[in-house]
């Protein structure tokens, strides 16, 4: 997971540099609006990255109250040296559920799932992110969604900027034609990237 986390940090940092470098080096006063939008998007994305990487996603904390008393089947498995891996699923006692993998009682009436990769129960579990190496759950689902939105919005703005610069160099200087062509080209490229990501990406399975 540390390798995944490093990969996520490098990816986001690299994209920030990639998006900011062209508008920074441009030095053209007519592109100031692109600079403001791209700098804002990258700043928000970086803040979201910090929250995702260093905040608690919503892990069910281990404590005497959460770990004990253990169900009889768990005690027997541990005493016979079978290990908790021999226990299939969860142990339900009345309205309460004991996780047979991370050995904690789940709070009653809450949406809690067990991440098979992190090996811990998490509130409001959505999935384990292979890019950031973190569970995406109740504690960080909003910044996770926001960093994706900022990524696509900033990418689109960056493409509009590059398209505008290209059309300007080709002689399409000023007017609505340049704007429309830039937006159309950027929108097409963003849509194409989205299709590639949706096709390639997969959500890691999890256990309840």
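When you check residue 48 against the structure, is it surrounded by 11 or more Cβ atoms within 10 Å (Cβ to Cβ) and out of contact with any helix residue (DSSP H, G or I) (no Cβ under 9 Å at 6 or more places or on another chain), yes or no?
So residue 48 fails the test.
Take the conditions outside the structural domain of residue 139 (by TED's automatic domain parsing), exposed (fewer than 12 other Cβ atoms within 10 Å of the Cβ) and modelled with pLDDT under 85 and apply them to residue 82. Does it pass? Spell out how you get there, then give the answer.
Numbers: outside the structural domain of residue 139 (by TED's automatic domain parsing): yes; exposed (fewer than 12 other Cβ atoms within 10 Å of the Cβ): yes; modelled with pLDDT under 85: yes.
For residue 82, the condition - outside the structural domain of residue 139 (by TED's automatic domain parsing), exposed (fewer than 12 other Cβ atoms within 10 Å of the Cβ) and modelled with pLDDT under 85 - is met.
Just checking, does the range 85-104 include any residue being without any contact (Cβ under 8 Å) to a residue 40 or more places away in the chain and assigned to a helix (DSSP H, G or I)?
yes
Suppose we filter 139, 145 for residues that are out of contact with any strand residue (DSSP E or B) (no Cβ under 7 Å at 6 or more places or on another chain), in the same structural domain as residue 190 (by TED's automatic domain parsing) and under 30 Å from residue 35 (Cβ atoms); which single one remains?
One residue alone meets the criteria, 145.
The values are calculated or read from the model by the stated rules, or taken from the named source; none is laboratory data. Just so it is clear, the model here is predicted, and its values are computed rather than measured. Cβ atoms come from the backbone with ideal geometry, glycine included; neighbour counts cover every protein chain shown.
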